[in-house]
Amino acid sequence: MPSGVSKYLSRLDVKLTFYYTLIILFLLAVFTGFFLYRLNRSLLKQVDRILYDEGNELLQEIRGATDVSEGCRVYEQHVANRKHFPIAFRILNKSGELVYNSKEVVNLVLPPMEGETKRFYTMATSLSNYPLRIYGHKIVLDKADDFTIQMVTETRESVEILESLVQSIIPGLLIILFLSIICGMLTSRKPRQIISDITSVTQRISSQNLNERLAVPAAHDEIYDLTTTINIMLDRLQNSFQEIKQFTADVSHELRNPLFSVKGEMEVALSQARTGQEYREIIQECLERVNSLSKMVNDLFLISRFELKKVDLEILYLNLSEILQDLHGFFLPLAEEKKLTFTIDRCDSVLINGDKTRILQLLNNLIDNAIKFTPGHGSVTLSLISDTATVRFSVKDTGIGIPEREIPYIFDRLYQVDKSRSGSSRGTGLGLHICRKIVEVHGGSIAVTNNEEKGVTFTVILPKA
Ligand code: ADP
(Lines give C-alpha, C1' and ligand atoms only; values in the text may rest on other atoms or scores of the structure.)
Protein backbone atom coordinates (compact mmCIF):
# COMPACT_ATOMS: atom_id res chain seq x y z
CA MET A 1 0.00 0.00 0.00
CA PRO A 2 1.43 3.47 -0.80
CA SER A 3 2.68 5.14 2.35
CA GLY A 4 0.30 8.15 1.87
CA VAL A 5 -2.77 5.89 1.88
CA SER A 6 -1.59 3.77 4.78
CA LYS A 7 -0.79 6.96 6.71
CA TYR A 8 -4.31 8.27 6.00
CA LEU A 9 -5.87 4.95 7.07
CA SER A 10 -3.88 4.90 10.29
CA ARG A 11 -5.13 8.36 11.28
CA LEU A 12 -7.14 8.42 14.49
CA ASP A 13 -10.18 10.17 12.98
CA VAL A 14 -10.28 7.75 10.03
CA LYS A 15 -10.08 4.76 12.36
CA LEU A 16 -12.73 6.16 14.69
CA THR A 17 -15.02 6.88 11.71
CA PHE A 18 -14.48 3.36 10.44
CA TYR A 19 -15.45 1.88 13.81
CA TYR A 20 -18.50 4.19 14.15
CA THR A 21 -19.64 3.21 10.68
CA LEU A 22 -19.13 -0.50 11.35
CA ILE A 23 -21.18 -0.24 14.53
CA ILE A 24 -23.94 1.73 12.81
CA LEU A 25 -24.01 -0.77 9.91
CA PHE A 26 -24.22 -3.67 12.30
CA LEU A 27 -27.06 -2.04 14.24
CA LEU A 28 -28.90 -1.19 11.03
CA ALA A 29 -28.48 -4.74 9.71
CA VAL A 30 -29.84 -6.19 12.96
CA PHE A 31 -32.72 -3.72 13.02
CA THR A 32 -33.62 -4.22 9.33
CA GLY A 33 -33.39 -8.01 9.61
CA PHE A 34 -35.67 -8.02 12.64
CA PHE A 35 -38.11 -5.63 10.99
CA LEU A 36 -38.33 -7.69 7.78
CA TYR A 37 -38.73 -10.88 9.78
CA ARG A 38 -41.64 -9.42 11.78
CA LEU A 39 -43.24 -7.99 8.65
CA ASN A 40 -42.96 -11.32 6.84
CA ARG A 41 -44.59 -13.05 9.80
CA SER A 42 -47.51 -10.63 9.95
CA LEU A 43 -48.02 -10.80 6.16
CA LEU A 44 -48.10 -14.61 6.38
CA LYS A 45 -50.60 -14.39 9.22
CA GLN A 46 -52.83 -12.27 7.01
CA VAL A 47 -52.57 -14.83 4.19
CA ASP A 48 -53.36 -17.58 6.67
CA ARG A 49 -56.43 -15.69 7.82
CA ILE A 50 -57.63 -15.42 4.20
CA LEU A 51 -57.05 -19.16 3.65
CA TYR A 52 -58.85 -19.98 6.88
CA ASP A 53 -61.87 -17.82 5.97
CA GLU A 54 -62.00 -19.29 2.45
CA GLY A 55 -61.78 -22.80 3.91
CA ASN A 56 -64.80 -22.04 6.07
CA GLU A 57 -66.67 -20.67 3.07
CA LEU A 58 -65.89 -23.85 1.09
CA LEU A 59 -67.22 -25.90 3.96
CA GLN A 60 -70.44 -23.97 4.05
CA GLU A 61 -70.90 -24.48 0.33
CA ILE A 62 -70.29 -28.22 0.75
CA ARG A 63 -72.71 -28.45 3.67
CA GLY A 64 -75.37 -26.57 1.73
CA ALA A 65 -74.97 -28.71 -1.41
CA THR A 66 -76.34 -32.12 -2.22
CA ASP A 67 -72.91 -33.68 -2.32
CA VAL A 68 -69.28 -32.69 -1.81
CA SER A 69 -68.43 -32.28 -5.50
CA GLU A 70 -71.47 -30.08 -6.08
CA GLY A 71 -70.46 -27.80 -3.18
CA CYS A 72 -66.89 -27.66 -4.47
CA ARG A 73 -67.96 -26.68 -7.96
CA VAL A 74 -70.14 -23.85 -6.66
CA TYR A 75 -67.30 -22.63 -4.52
CA GLU A 76 -64.79 -22.88 -7.41
CA GLN A 77 -66.99 -20.68 -9.56
CA HIS A 78 -67.35 -18.31 -6.69
CA VAL A 79 -63.54 -17.78 -6.33
CA ALA A 80 -62.70 -18.09 -10.03
CA ASN A 81 -62.34 -14.36 -10.63
CA ARG A 82 -60.52 -13.52 -7.47
CA LYS A 83 -57.63 -11.13 -8.21
CA HIS A 84 -55.83 -10.88 -4.90
CA PHE A 85 -54.62 -14.09 -3.37
CA PRO A 86 -56.24 -16.44 -5.95
CA ILE A 87 -57.54 -19.58 -4.24
CA ALA A 88 -57.06 -23.16 -5.34
CA PHE A 89 -58.19 -26.13 -3.26
CA ARG A 90 -58.71 -29.86 -3.16
CA ILE A 91 -60.48 -32.36 -1.02
CA LEU A 92 -59.20 -35.79 -0.04
CA ASN A 93 -61.19 -38.53 1.61
CA LYS A 94 -60.26 -40.52 4.70
CA SER A 95 -57.95 -42.84 2.76
CA GLY A 96 -56.18 -39.95 1.04
CA GLU A 97 -57.89 -40.34 -2.32
CA LEU A 98 -58.74 -37.23 -4.23
CA VAL A 99 -62.43 -36.34 -4.06
CA TYR A 100 -62.23 -32.96 -5.80
CA ASN A 101 -59.64 -30.49 -6.86
CA SER A 102 -59.79 -27.10 -8.47
CA LYS A 103 -58.08 -26.75 -11.83
CA GLU A 104 -54.89 -25.08 -10.62
CA VAL A 105 -53.79 -27.80 -8.26
CA VAL A 106 -54.22 -30.87 -10.49
CA ASN A 107 -50.54 -31.66 -10.54
CA LEU A 108 -49.66 -30.34 -7.15
CA VAL A 109 -48.23 -32.86 -4.73
CA LEU A 110 -49.14 -31.72 -1.25
CA PRO A 111 -47.67 -33.34 1.84
CA PRO A 112 -50.04 -35.46 3.96
CA MET A 113 -51.53 -34.07 7.21
CA GLU A 114 -49.79 -36.59 9.48
CA GLY A 115 -52.31 -36.69 12.30
CA GLU A 116 -52.85 -32.93 12.63
CA THR A 117 -56.32 -31.46 12.17
CA LYS A 118 -55.10 -28.03 11.05
CA ARG A 119 -51.83 -27.05 9.44
CA PHE A 120 -50.41 -24.01 7.64
CA TYR A 121 -47.26 -24.39 5.59
CA THR A 122 -45.30 -22.84 2.74
CA MET A 123 -44.09 -24.75 -0.30
CA ALA A 124 -42.00 -23.79 -3.33
CA THR A 125 -43.29 -25.44 -6.53
CA SER A 126 -42.70 -25.29 -10.24
CA LEU A 127 -46.32 -24.20 -10.68
CA SER A 128 -45.61 -20.68 -9.49
CA ASN A 129 -42.74 -18.23 -9.31
CA TYR A 130 -43.63 -17.53 -5.72
CA PRO A 131 -43.92 -19.97 -2.83
CA LEU A 132 -47.42 -21.29 -2.16
CA ARG A 133 -49.12 -21.02 1.20
CA ILE A 134 -51.28 -23.99 2.09
CA TYR A 135 -53.91 -24.51 4.74
CA GLY A 136 -54.85 -28.11 5.45
CA HIS A 137 -57.90 -28.86 7.58
CA LYS A 138 -59.43 -32.25 8.54
CA ILE A 139 -63.18 -32.03 8.83
CA VAL A 140 -65.99 -34.44 9.61
CA LEU A 141 -68.90 -33.90 7.25
CA ASP A 142 -71.13 -36.53 8.68
CA LYS A 143 -70.48 -39.16 11.28
CA ALA A 144 -69.07 -41.69 8.91
CA ASP A 145 -66.81 -39.61 6.68
CA ASP A 146 -63.99 -37.29 7.38
CA PHE A 147 -62.21 -35.32 4.70
CA THR A 148 -59.18 -33.15 4.36
CA ILE A 149 -59.58 -29.74 2.76
CA GLN A 150 -56.42 -28.15 1.39
CA MET A 151 -56.69 -24.47 0.49
CA VAL A 152 -53.81 -23.05 -1.57
CA THR A 153 -52.85 -19.49 -2.50
CA GLU A 154 -49.82 -17.67 -3.88
CA THR A 155 -47.68 -15.52 -1.57
CA ARG A 156 -46.86 -13.23 -4.51
CA GLU A 157 -48.33 -10.09 -2.99
CA SER A 158 -46.64 -10.43 0.38
CA VAL A 159 -43.32 -11.29 -1.32
CA GLU A 160 -43.75 -8.20 -3.52
CA ILE A 161 -44.44 -6.02 -0.49
CA LEU A 162 -41.25 -7.32 1.13
CA GLU A 163 -39.22 -6.88 -2.05
CA SER A 164 -40.34 -3.30 -2.61
CA LEU A 165 -39.61 -2.53 1.01
CA VAL A 166 -36.09 -3.95 0.70
CA GLN A 167 -35.61 -1.90 -2.46
CA SER A 168 -36.53 1.31 -0.67
CA ILE A 169 -34.50 0.37 2.44
CA ILE A 170 -31.24 -0.07 0.46
CA PRO A 171 -30.93 3.59 -0.66
CA GLY A 172 -31.98 4.62 2.85
CA LEU A 173 -29.18 2.48 4.26
CA LEU A 174 -26.70 3.99 1.81
CA ILE A 175 -27.76 7.50 2.84
CA ILE A 176 -27.40 6.58 6.54
CA LEU A 177 -23.99 5.06 5.78
CA PHE A 178 -22.87 8.22 4.02
CA LEU A 179 -24.20 10.43 6.83
CA SER A 180 -22.54 8.27 9.49
CA ILE A 181 -19.20 8.61 7.71
CA ILE A 182 -19.61 12.40 7.57
CA CYS A 183 -20.72 12.59 11.23
CA GLY A 184 -17.91 10.22 12.27
CA MET A 185 -15.30 12.37 10.51
CA LEU A 186 -16.71 15.55 12.08
CA THR A 187 -16.93 14.19 15.63
CA SER A 188 -13.52 12.48 15.56
CA ARG A 189 -11.83 15.58 14.19
CA LYS A 190 -11.75 17.24 17.62
CA PRO A 191 -9.94 14.43 19.50
CA ARG A 192 -7.48 14.20 16.60
CA GLN A 193 -6.86 17.93 16.76
CA ILE A 194 -6.32 17.76 20.54
CA ILE A 195 -3.89 14.85 20.21
CA SER A 196 -1.90 16.55 17.44
CA ASP A 197 -1.73 19.71 19.60
CA ILE A 198 -0.39 17.65 22.50
CA THR A 199 2.12 15.95 20.18
CA SER A 200 3.40 19.18 18.68
CA VAL A 201 3.77 20.90 22.08
CA THR A 202 5.52 17.88 23.63
CA GLN A 203 7.80 17.63 20.58
CA ARG A 204 8.86 21.23 21.08
CA ILE A 205 9.70 20.55 24.73
CA SER A 206 13.28 19.60 25.40
CA SER A 207 15.67 19.94 28.32
CA GLN A 208 16.44 23.45 27.02
CA ASN A 209 12.80 24.44 26.70
CA LEU A 210 10.77 23.17 29.59
CA ASN A 211 8.65 26.30 29.99
CA GLU A 212 5.96 25.44 27.49
CA ARG A 213 2.67 23.96 28.76
CA LEU A 214 -0.39 22.39 27.11
CA ALA A 215 -3.61 24.39 26.84
CA VAL A 216 -6.07 23.00 29.41
CA PRO A 217 -9.73 22.88 28.23
CA ALA A 218 -12.43 24.48 30.37
CA ALA A 219 -14.59 21.35 30.56
CA HIS A 220 -13.53 18.86 33.27
CA ASP A 221 -13.37 15.87 30.94
CA GLU A 222 -10.72 13.25 30.10
CA ILE A 223 -8.82 15.76 27.94
CA TYR A 224 -8.69 18.08 30.94
CA ASP A 225 -7.29 15.22 33.08
CA LEU A 226 -4.74 14.28 30.39
CA THR A 227 -3.47 17.81 29.77
CA THR A 228 -3.30 18.63 33.49
CA THR A 229 -1.42 15.40 34.19
CA ILE A 230 1.08 16.13 31.41
CA ASN A 231 1.49 19.71 32.66
CA ILE A 232 2.11 18.48 36.22
CA MET A 233 4.64 15.97 34.86
CA LEU A 234 6.37 18.79 32.97
CA ASP A 235 6.44 20.89 36.17
CA ARG A 236 8.14 18.03 37.95
CA LEU A 237 10.57 17.48 35.08
CA GLN A 238 11.40 21.16 35.00
CA ASN A 239 12.02 21.19 38.76
CA SER A 240 14.23 18.10 38.51
CA PHE A 241 16.23 19.59 35.62
CA GLN A 242 16.56 22.83 37.56
CA GLU A 243 17.72 20.93 40.64
CA ILE A 244 20.25 18.93 38.63
CA LYS A 245 21.59 22.11 37.00
CA GLN A 246 21.78 23.88 40.34
CA PHE A 247 23.40 20.87 41.98
CA THR A 248 26.03 20.51 39.24
CA ALA A 249 26.81 24.22 39.48
CA ASP A 250 27.00 24.12 43.30
CA VAL A 251 29.15 20.99 43.41
CA SER A 252 31.60 22.21 40.81
CA HIS A 253 31.84 25.51 42.67
CA GLU A 254 32.38 23.75 46.03
CA LEU A 255 35.02 21.44 44.57
CA ARG A 256 36.82 24.08 42.56
CA ASN A 257 37.84 26.34 45.48
CA PRO A 258 39.62 23.73 47.64
CA LEU A 259 41.19 22.16 44.52
CA PHE A 260 42.54 25.53 43.41
CA SER A 261 43.92 26.28 46.87
CA VAL A 262 45.70 22.86 47.00
CA LYS A 263 47.08 23.54 43.53
CA GLY A 264 48.15 27.08 44.58
CA GLU A 265 49.89 25.86 47.72
CA MET A 266 51.79 23.20 45.78
CA GLU A 267 52.87 25.71 43.15
CA VAL A 268 54.08 28.11 45.83
CA ALA A 269 55.94 25.22 47.56
CA LEU A 270 57.73 24.36 44.31
CA SER A 271 58.53 27.97 43.36
CA GLN A 272 61.64 28.05 45.61
CA ALA A 273 63.81 25.79 47.73
CA ARG A 274 62.24 24.96 51.16
CA THR A 275 63.36 23.36 54.37
CA GLY A 276 62.05 19.94 55.30
CA GLN A 277 59.89 21.53 58.04
CA GLU A 278 58.31 23.94 55.53
CA TYR A 279 57.52 21.08 53.14
CA ARG A 280 55.96 19.13 56.02
CA GLU A 281 53.70 22.08 56.92
CA ILE A 282 52.61 22.62 53.32
CA ILE A 283 51.88 18.94 52.82
CA GLN A 284 49.96 18.91 56.12
CA GLU A 285 47.84 21.86 54.95
CA CYS A 286 47.21 20.19 51.57
CA LEU A 287 46.29 16.93 53.29
CA GLU A 288 43.67 18.70 55.40
CA ARG A 289 42.13 20.24 52.32
CA VAL A 290 42.18 16.92 50.47
CA ASN A 291 40.59 15.25 53.51
CA SER A 292 37.74 17.74 53.54
CA LEU A 293 37.37 17.32 49.76
CA SER A 294 37.21 13.58 50.12
CA LYS A 295 34.64 13.94 52.95
CA MET A 296 32.56 16.12 50.67
CA VAL A 297 32.77 13.62 47.81
CA ASN A 298 31.78 10.82 50.22
CA ASP A 299 28.83 12.86 51.49
CA LEU A 300 27.69 13.59 47.93
CA PHE A 301 27.98 9.92 47.07
CA LEU A 302 25.92 9.01 50.14
CA ILE A 303 23.24 11.57 49.21
CA SER A 304 23.01 10.23 45.67
CA ARG A 305 22.63 6.69 47.09
CA PHE A 306 19.86 7.94 49.38
CA GLU A 307 18.16 9.55 46.40
CA LEU A 308 18.42 6.37 44.35
CA LYS A 309 17.19 4.46 47.40
CA LYS A 310 20.30 2.30 47.26
CA VAL A 311 21.63 2.78 50.78
CA ASP A 312 22.06 -0.61 52.44
CA LEU A 313 20.77 -0.35 55.97
CA GLU A 314 21.53 -2.92 58.60
CA ILE A 315 18.55 -2.46 60.87
CA LEU A 316 19.16 -3.69 64.41
CA TYR A 317 17.81 -3.02 67.93
CA LEU A 318 19.75 -0.01 69.12
CA ASN A 319 19.94 1.23 72.68
CA LEU A 320 19.78 4.95 72.00
CA SER A 321 20.55 6.00 75.59
CA GLU A 322 23.80 4.01 75.50
CA ILE A 323 24.76 5.56 72.16
CA LEU A 324 24.01 9.03 73.53
CA GLN A 325 26.16 8.52 76.60
CA ASP A 326 29.05 7.22 74.46
CA LEU A 327 28.80 10.25 72.19
CA HIS A 328 28.70 12.55 75.20
CA GLY A 329 31.96 11.00 76.39
CA PHE A 330 33.44 11.34 72.92
CA PHE A 331 32.60 15.03 72.47
CA LEU A 332 33.27 16.11 76.06
CA PRO A 333 37.00 16.87 75.56
CA LEU A 334 36.20 18.99 72.49
CA ALA A 335 33.51 20.90 74.40
CA GLU A 336 35.80 21.40 77.37
CA GLU A 337 38.52 22.67 75.07
CA LYS A 338 36.01 25.33 73.94
CA LYS A 339 35.01 25.95 77.55
CA LEU A 340 31.42 24.84 76.93
CA THR A 341 29.06 23.30 79.43
CA PHE A 342 28.17 20.02 77.78
CA THR A 343 25.49 18.03 79.63
CA ILE A 344 22.81 15.40 79.23
CA ASP A 345 19.59 16.84 80.64
CA ARG A 346 17.51 13.65 80.54
CA CYS A 347 18.31 10.23 79.12
CA ASP A 348 15.38 7.73 79.09
CA SER A 349 16.36 4.19 78.35
CA VAL A 350 14.90 3.44 74.95
CA LEU A 351 15.30 1.01 72.03
CA ILE A 352 14.85 1.84 68.38
CA ASN A 353 15.16 -0.13 65.15
CA GLY A 354 17.96 1.48 63.19
CA ASP A 355 21.24 1.28 61.33
CA LYS A 356 23.96 1.99 63.89
CA THR A 357 26.36 3.71 61.45
CA ARG A 358 23.68 6.08 60.14
CA ILE A 359 22.20 6.87 63.56
CA LEU A 360 25.71 7.63 64.86
CA GLN A 361 26.29 9.85 61.82
CA LEU A 362 23.02 11.70 62.53
CA LEU A 363 23.73 12.37 66.21
CA ASN A 364 27.37 13.15 65.46
CA ASN A 365 26.46 15.84 62.92
CA LEU A 366 23.98 17.53 65.25
CA ILE A 367 26.27 17.52 68.31
CA ASP A 368 29.27 18.54 66.21
CA ASN A 369 27.34 21.49 64.74
CA ALA A 370 26.10 22.56 68.18
CA ILE A 371 29.66 22.61 69.57
CA LYS A 372 30.98 24.25 66.39
CA PHE A 373 28.42 27.07 66.37
CA THR A 374 28.46 27.81 70.12
CA PRO A 375 31.11 30.29 71.26
CA GLY A 376 33.14 29.73 74.43
CA HIS A 377 31.36 29.72 77.80
CA GLY A 378 28.08 28.71 76.17
CA SER A 379 26.31 25.46 76.71
CA VAL A 380 25.16 22.41 74.72
CA THR A 381 22.47 20.21 76.27
CA LEU A 382 21.33 16.80 75.05
CA SER A 383 18.10 15.05 75.98
CA LEU A 384 16.43 11.78 75.11
CA ILE A 385 12.75 11.51 76.01
CA SER A 386 10.67 8.40 75.46
CA ASP A 387 7.00 8.97 74.50
CA THR A 388 4.32 6.30 73.91
CA ALA A 389 5.38 5.25 70.42
CA THR A 390 8.25 7.61 69.66
CA VAL A 391 11.50 8.84 71.06
CA ARG A 392 12.50 12.50 71.00
CA PHE A 393 16.17 13.41 70.87
CA SER A 394 17.17 17.06 71.10
CA VAL A 395 20.35 19.10 70.99
CA LYS A 396 19.99 22.57 72.48
CA ASP A 397 22.78 25.11 72.28
CA THR A 398 23.30 28.73 73.22
CA GLY A 399 25.24 29.46 70.05
CA ILE A 400 24.96 31.95 67.21
CA GLY A 401 21.51 30.68 66.14
CA ILE A 402 20.03 30.64 62.65
CA PRO A 403 18.21 33.65 61.13
CA GLU A 404 14.47 32.87 61.08
CA ARG A 405 14.21 33.38 57.29
CA GLU A 406 16.94 30.75 56.70
CA ILE A 407 15.29 28.04 58.78
CA PRO A 408 13.07 26.65 55.92
CA TYR A 409 16.19 25.98 53.79
CA ILE A 410 18.55 24.72 56.47
CA PHE A 411 18.11 21.03 55.53
CA ASP A 412 18.57 21.68 51.78
CA ARG A 413 21.54 20.16 49.97
CA LEU A 414 24.70 22.37 50.09
CA TYR A 415 22.82 25.08 52.02
CA GLN A 416 24.98 27.16 54.30
CA VAL A 417 23.71 30.18 56.22
CA ASP A 418 26.95 32.05 55.75
CA LYS A 419 30.23 30.36 54.90
CA SER A 420 32.21 32.61 57.20
CA ARG A 421 30.23 31.25 60.21
CA SER A 422 31.85 27.81 59.81
CA GLY A 423 35.25 29.39 60.41
CA SER A 424 38.28 27.22 59.94
CA SER A 425 36.22 24.01 59.83
CA ARG A 426 35.23 24.68 56.19
CA GLY A 427 31.68 23.29 56.24
CA THR A 428 30.02 21.96 53.11
CA GLY A 429 26.33 22.41 53.79
CA LEU A 430 25.75 18.68 53.34
CA GLY A 431 25.60 17.56 56.99
CA LEU A 432 22.01 18.60 57.81
CA HIS A 433 20.76 17.36 54.44
CA ILE A 434 22.21 13.92 55.22
CA CYS A 435 20.65 14.13 58.71
CA ARG A 436 17.22 14.63 57.14
CA LYS A 437 17.75 11.70 54.73
CA ILE A 438 18.80 9.42 57.60
CA VAL A 439 15.78 10.43 59.70
CA GLU A 440 13.45 9.88 56.73
CA VAL A 441 14.71 6.34 56.01
CA HIS A 442 14.11 5.53 59.67
CA GLY A 443 10.51 6.77 59.42
CA GLY A 444 11.04 9.83 61.63
CA SER A 445 11.23 13.62 61.37
CA ILE A 446 13.69 16.40 62.14
CA ALA A 447 13.08 20.06 62.94
CA VAL A 448 14.93 23.10 64.18
CA THR A 449 13.71 26.05 66.21
CA ASN A 450 15.43 29.13 67.52
CA ASN A 451 15.59 29.25 71.30
CA GLU A 452 13.92 32.14 73.12
CA GLU A 453 17.19 33.50 74.43
CA LYS A 454 20.09 32.26 72.36
CA GLY A 455 20.97 29.47 70.00
CA VAL A 456 18.88 26.74 68.42
CA THR A 457 17.36 23.38 69.29
CA PHE A 458 17.41 20.52 66.81
CA THR A 459 14.77 17.86 67.54
CA VAL A 460 14.68 14.39 66.01
CA ILE A 461 11.64 12.15 66.45
CA LEU A 462 12.05 8.44 65.70
CA PRO A 463 9.67 5.51 66.10
CA LYS A 464 10.43 3.25 69.06
CA ALA A 465 11.32 -0.40 68.44
P1 ADP B 1 28.13 22.56 57.47
O2 ADP B 1 29.04 21.53 56.99
O3 ADP B 1 28.29 23.87 56.75
O4 ADP B 1 28.08 22.71 58.95
P5 ADP B 1 25.45 21.62 57.78
O6 ADP B 1 24.49 21.06 56.79
O7 ADP B 1 25.78 20.76 58.94
O8 ADP B 1 26.72 22.06 56.98
O9 ADP B 1 24.83 22.94 58.29
C10 ADP B 1 24.31 23.90 57.40
C11 ADP B 1 24.36 25.28 57.97
O12 ADP B 1 23.46 25.36 59.07
C13 ADP B 1 25.69 25.64 58.54
O14 ADP B 1 26.47 26.28 57.56
C15 ADP B 1 25.38 26.57 59.68
O16 ADP B 1 25.38 27.92 59.23
C17 ADP B 1 23.94 26.21 60.07
N18 ADP B 1 23.90 25.47 61.34
C19 ADP B 1 23.87 24.15 61.52
N20 ADP B 1 23.80 23.81 62.83
C21 ADP B 1 23.80 24.97 63.49
C22 ADP B 1 23.75 25.32 64.89
N23 ADP B 1 23.67 24.40 65.85
N24 ADP B 1 23.73 26.65 65.21
C25 ADP B 1 23.79 27.58 64.26
N26 ADP B 1 23.84 27.33 62.93
C27 ADP B 1 23.86 26.05 62.56
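The values are calculated or read from the model by the stated rules, or taken from the named source; none is laboratory data. In this text, all values refer to a predicted model and were calculated from it rather than measured experimentally. Note that we place each Cβ from the backbone using ideal geometry, even for glycine, and neighbour counts take in every protein chain shown. Quick note on the areas: whole protein, heavy atoms, side chains included, nothing else; ligands and nucleic acids left out. Shrake-Rupley method; radii C 1.70, N 1.55, O 1.52, S 1.80 Å.
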Seminar exercise, completed: Long-range share for the chain, i.e. C-alpha pairs more than 44 Å apart as a percent of all pairs, stands at 58
Exercise. Using alpha-carbon positions, what is the distance between the centroids of region 218-232 and region 247-296, in Å?
Worked result: 55
For this session: Calculate, in nm to one decimal, what residue 177 and residue 235 gain on full extension: separation in residues at 0.36 nm each, minus their alpha carbon distance.
Result: 16.3 nm
Exercise. Which length gain, in nm to one decimal place, applies between residue 63 and residue 95 when the Cα-Cα distance is subtracted from 0.36 nm times their residue separation?
Worked result: 9.5 nm
Exercise. With labels modelled as points extended 7 Å from the Cα through the Cβ direction, what inter-label distance (nm, one decimal) is found for residue 337 paired with residue 11?
Worked result: 7.9
Seminar exercise, completed: Taking the dipole of region 281-432 about the Cα centre (Lys, Arg +1; Asp, Glu -1; charges at Cβ), the one of 292, 390, 415 that reaches farthest to the positive side is 415
Problem set entry | Estimated FRET transfer efficiency when R0 is 51 angstrom, pair residue 311-residue 170 (beta carbons, to 0.05) | 0.10
For this session: Quote the FRET efficiency, to the nearest 0.05, computed for residue 228 versus residue 36 with a Förster distance R0 of 51 Å and r equal to the Cβ-Cβ distance.
Result: 0.50
Exercise. Just by accessible area at a 1.4 angstrom probe, what is the order of 386, 10 from largest to smallest?
Worked result: 10, 386
Exercise. How high is the FRET efficiency between residue 385 and residue 294 when r is their beta carbon distance and R₀ equals 41 Å, given to the nearest 0.05?
Worked result: 0.65
For this session: Specify whether the C-alpha gyration tensor of region 3-161 places it in the rounded, prolate or oblate class, a ≥ b ≥ c being the square roots of the eigenvalues: rounded for a/c under 1.5, otherwise prolate if a/b is larger than b/c and oblate if not.
Result: prolate
Problem set entry | Inter-centroid distance (Cα atoms) of region 332-377 relative to region 127-206, Å | 90
Exercise. About the Cα centre of the chain, what is the dipole size in debye to 20, counting +1 per Lys and Arg Cβ and -1 per Asp and Glu Cβ, all else neutral?
Worked result: 760
For this session: Specify which residue in the list 196, 428, 367 is farthest towards the positive end of the charge dipole of the chain, using unit charges on the beta carbon of Lys, Arg (+1) and Asp, Glu (-1), about the Cα centre.
Result: 196
Problem set entry | Packing-based ranking, highest mean first, of 151-158, 14-21 given that Cβ atoms within 10 Å are counted | 151-158, 14-21
